[in-house]
1. When the residues of the stretch 42-60 are narrowed to those that are surrounded by fewer than 22 Cβ atoms within 10 Å (Cβ to Cβ) and at pLDDT below 80, which ends up nearest to the chain's Cα centre (by Cα)?
2. Quick check, is ASP336 farther than 24 Å from PRO268 by Cβ and at pLDDT below 95?
3. Restricting attention to the stretch 184-231, and to residues there that are closer than 30 Å to VAL130 by Cβ and among the hydroxyl-bearing types (Ser, Thr, Tyr), which single residue is modelled with the lowest pLDDT?
4. Filter the stretch 90-112 down to the residues that are crowded, with 21+ Cβ neighbours inside 10 Å and over 20 Å from the mean Cα position of the chain (by Cα), then identify the one that is nearest to ALA241 (Cα to Cα).
5. Give the residues of the stretch 255-310 that are part of a helix (DSSP H, G or I), under 30 Å from ARG157 (Cβ atoms) and polar (S, T, N, Q), sorted by residue number.
6. Which is under 21 Å from the mean Cα position of the chain (by Cα), of a type in the set (Gly, Ala, Ser) and in a helix (DSSP H, G or I), of ALA31, ALA74?
7. Which one is surrounded by the most Cβ atoms within 10 Å (Cβ to Cβ), of the residues in the stretch 239-248 that are more than 14 Å from the chain's Cα centre (by Cα) and within 22 Å of ALA395 (Cβ to Cβ)?
8. Return only the number of the condition from (1) modelled with pLDDT under 80; (2) part of a helix (DSSP H, G or I); (3) surrounded by fewer than 15 Cβ atoms within 10 Å (Cβ to Cβ) that LEU236 does not satisfy.
Amino acid sequence: MSVLTRAAVFAQAWPIILGQALVPLVGIVDAAVIGHTGDAAALAGVALGATIINLIFWTFGFLRMGVTGFTAQAHGRGDGAEVTATLLRSLVLGGGIGLVLLALGPLIAPLALGIMAAPPDVARDGHGFVAARLFGAPGALAFYAINGWLIGLGRTRLALGVQIVMNGVNIALDLLFVRGFGLGATGVGLGTALAEWSALACGLVACRRILGPDWRAGIAAMERGSLFALAAMKRLVAVNADIMVRTLALLILFTWFTNAGARLGAVPLAANHVLMQFVSISAFVLDGFAYTAEARVGMAVGAGSLPAFRRAVRLTGEFTLAGGALFSALIWLAGDSLVMLITRDPATRAIAAAMLPFCALVPLLGAPGWLLDGIFIGATRGKVLRNAAVAVTLAYLATDWSLRPWGGAGMWIALLSSYVLRALSLAACLPALIASFPASRPPARAAA
């Protein structure tokens, strides 16, 4: 392995950063399209519906995260057959789970909204959004697998290309269905679902390009027994089950945060939804460096190189922490203006402005935890991620409960504390990860 440089880290990260920045941008467009109708209930319905879909879909986020780690490690070992097998296994798994969700759609939407105790007008719009989004479940989950595979191989420009297509289709269809056809929250959900199917189609084209013109022959030559070998499937399921629990715990945390806003009323819920778009942008952008850490750490683990691991952690850490400070400053300085661009409702604007200082602290306090997530995902240490996430979520729930008398401020303080605890709990496990590396020679220097 050649020595990793800052230029190489940035070259691998910038396509992810740009692609990830487009993900919350779609959420902002969704909020703006609905927000400019002047209907706070519809905006709150999209907020609740998006939270429900995120909870459902990202429960299976291991289809992206686990695949990145396994792919990077196989690539680091030089095992091309296992790289291809990882893609095929994850596509079958993701598509199958998506079909199950699609079949259960008529039950999921009313059940989830009932649990969230949404007001009737909010529940009506939320139901339309959730039902429409579930139509895209097979495409979305299969694309998770493709995205993780591309990132694990370091083919981030191809991942960016697919992301641009998906988000462009999404924004165009949102505008068409909401402003053109007047479909409201249902139109927003339908536009996103169709965009997810387009992403799957483009992702398959990208995979074919990487596998080369003889991809059919290469797959046909693989023995079915090795492609879906019991040991490999067990390892895939075991690690991914831990990551699934980790993801579910964190989604419960953020769902609780949304529901805490809903308890205060439709306007505070809408205001928090607007502010969380800023959090999403910072998290998604900084995930560009965390994803780079996943790939580079996975390759280092596959090659058994501790020096490569240390360097990957240090260089991606420099970018992540600097980016967190920058985003905090941007939200603090420009947040009020951005809120006014998203919503016209005066009450929503007022509450968002009051909570903005708390929102501005999230990137600064969240960056270390986001990076450490990437490190342990790349190393496929699912149990570490699972245990930390469960502990942090339980601590957050207790903190939020104790701070309820503080209203909106208490909600945000509890959320900020969860980011600090998440970083500390994962950092405590780093020495054990380092100790797991065998003695290895320093990576060879690249030719000048």
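1. Here is the first cut: in the stretch 42-60, the residues surrounded by fewer than 22 Cβ atoms within 10 Å (Cβ to Cβ) are 54-56, 58-59.
Okay, now just the ones that are also at pLDDT below 80, so 54-55, 58-59.
Numbers: ASN54: 9, LEU55: 11, TRP58: 7, THR59: 10 Å.
Once the filter is applied, the top-ranked residue is TRP58.
2. Numbers: farther than 24 Å from PRO268 by Cβ: no; at pLDDT below 95: yes.
Judged against the criteria, ASP336 is not a match.
3. Filtering the stretch 184-231 for residues that are closer than 30 Å to VAL130 by Cβ and among the hydroxyl-bearing types (Ser, Thr, Tyr), the one modelled with the lowest pLDDT comes out as THR186.
4. Residue satisfying both the conditions and the ranking: ALA112.
5. In the first step, residues of the stretch 255-310 are kept if they are part of a helix (DSSP H, G or I); the result is 255-264, 266-303, 306-310.
Narrowing further to those that are under 30 Å from ARG157 (Cβ atoms): 276-303, 306-310.
GLN277, SER280, SER282, THR292, listed by residue number.
6. Details: ALA74 fails: under 21 Å from the mean Cα position of the chain (by Cα).
The conditions single out ALA31.
7. Quick first cut of the stretch 239-248, residues more than 14 Å from the chain's Cα centre (by Cα) only: 239-242, 245.
Now restrict to residues that are within 22 Å of ALA395 (Cβ to Cβ): 242, 245.
Values: ASP242: 21, VAL245: 19.
Of everything passing the filter in the stretch 239-248, ASP242 is surrounded by the most Cβ atoms within 10 Å (Cβ to Cβ).
8. Going through the list (1) modelled with pLDDT under 80; (2) part of a helix (DSSP H, G or I); (3) surrounded by fewer than 15 Cβ atoms within 10 Å (Cβ to Cβ), LEU236 breaks only (3).
The values are calculated or read from the model by the stated rules, or taken from the named source; none is laboratory data. In this text, all values refer to a predicted model and were calculated from it rather than measured experimentally. Every residue, glycine as well, gets a Cβ built from its backbone with ideal geometry; the counts of neighbours run over all protein chains shown.
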